[in-house]
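Shown next, in structure tokens, is the structure this report addresses.
The values are calculated or read from the model by the stated rules, or taken from the named source; none is laboratory data. In this text, all values refer to a predicted model and were calculated from it rather than measured experimentally. Every residue, glycine among them, receives a Cβ derived from its backbone with ideal geometry; neighbour counts consider all protein chains shown.
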Amino acid sequence: MNGWTPENGLPLDGLRPFLETGELTIEGRMPWSSNATFLVTVEAPGDDELQAIYKPAGGEQDLWDFPGGLYRREVAASVLSDTLGWDLVPPTVERREGPFGEGSLQLFVKADYEEHYFTLFDEERDEDTEESRALGRALRAMCVFDLVANNADRKSGHVLRGSDGHIWGIDHGLCFHHLPKVRTVLWDFAGEEIPELLMEDLKARREAVGEALLPYLDVDELVMLDARIDHLVDHPWFPEPRGDRPPYPWPLV
């Protein structure tokens, strides 16, 4: 598949307006998705185009524990990543109009889809290079992100390595619930102290996070988001799985 790469010549930090206004053409439905998810081409004046993932609200399955509008949680996850300065979620915007109505539109990043969290963790654990250390930092940031976002569905295949080596997280529709719901494959760091730089970001940007997510979450969700950050500030280490909920998603990949 084609997708955004650093060689495309399109600056990553300037793609949001492009995603917000470009004309969309459906290329096909993504396989193995529980909700309707489409690969689209995004066009703009001139010769520029890129591909993105479109998730319309009308294609979402009803869930007993999450309200409708999961696509807005996809956008909120991208906003959280940007506000923390961690660049873990590809640029994602809310589209009021689309081929199948309102939904989210996320930049499609070209990656090696044979790789996923389990293969990346093995690489980080087994090698001692600057690249593996950078990989370890990114995976730990992803783990803290999931704890803050209360991610209920971090499968191994939701962690990608782009063609430039950058680590991305995708599929964040089941995040930000006000009740504890963390289900993730990223438990390998349990018991470790959270890196100081990540904790500094949480402390410095916590107020900005609440303000940035105000348009996307309800009051209870915002209150508990702040409480989760409070807990990490007071207990700055990666937790063990706890509670009576299954700590791992299914399927794992």
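Points to keep in mind about this one:
- On the stretch given as region 77-94, residues that are in a helix (DSSP H, G or I) and either modelled with pLDDT under 95 or more than 15 Å from residue 12 (Cβ to Cβ) (or both) total 5.
- Residue count for region 212-230, restricted to those that are over 25 Å from residue 140 (Cα atoms) and in a helix (DSSP H, G or I): 2
- Test: residue in region 17-26 that is at pLDDT 85 or above, more than 21 Å from the chain's Cα centre (by Cα) and not in a strand (DSSP E or B): yes
- Within region 95-110, tally of residues that are buried (at least 21 other Cβ atoms within 10 Å of the Cβ) and either outside any loop (DSSP other than H, G, I, E, B) or charged (D, E, K, R) (or both): 7
- Within region 54-76, residues that are farther than 24 Å from residue 88 by Cα reach partners that are of a type in the set (D, E, K, R) and surrounded by 13 or more Cβ atoms within 10 Å (Cβ to Cβ) with beta carbons closer than 8 Å, at six or more positions or on different chains, in the pairs 65/181; 68/60.
- Within region 231-253, the set of residues being charged (D, E, K, R), in a loop (DSSP other than H, G, I, E, B) and under 27 Å from residue 196 (Cα atoms) comprises 240, 242.
- Test result for residue 96, basic (Lys, Arg) and in the same structural domain as residue 26 (by TED's automatic domain parsing): yes
- Residues within region 57-76 that are among the acidic types (Asp, Glu) and assigned to a helix (DSSP H, G or I), tallied: 1
- Matching residues in region 212-253 - criterion: being in contact (Cβ under 8 Å) with a residue 40 or more places away in the chain, surrounded by fewer than 15 Cβ atoms within 10 Å (Cβ to Cβ), aliphatic (A, V, I, L, M) and in the same structural domain as residue 143 (by TED's automatic domain parsing): 223
- Subset of region 156-197 (residues that are among the charged types (D, E, K, R) and either surrounded by fewer than 16 Cβ atoms within 10 Å (Cβ to Cβ) or under 12 Å from residue 142 (Cβ atoms) (or both)): 161, 164, 188, 192, 193, 196
- Within region 183-211, residues that are not assigned by TED's automatic domain parsing to the domain that holds residue 87 have Cβ atoms under 9 Å from residues that are in a loop (DSSP other than H, G, I, E, B) and among the small types (Gly, Ala, Ser) in these pairs: 183/152; 184/152; 201/85; 205/85, counting only partners at least 6 apart in sequence or on another chain.
- Extreme residue, modelled with the highest pLDDT, among residues of region 28-43 that are out of contact with any Leu (no Cβ under 9 Å at 6 or more places or on another chain) and part of a loop (DSSP other than H, G, I, E, B): 37
Quick grid of which residues meet (1) surrounded by 15 or more Cβ atoms within 10 Å (Cβ to Cβ); (2) among the small types (Gly, Ala, Ser); (3) at pLDDT below 95; (4) assigned to a helix (DSSP H, G or I):
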site	(1), (2), (3), (4)
113	no, no, yes, no
120	yes, no, no, yes
125	no, no, yes, yes
140	yes, no, no, yes
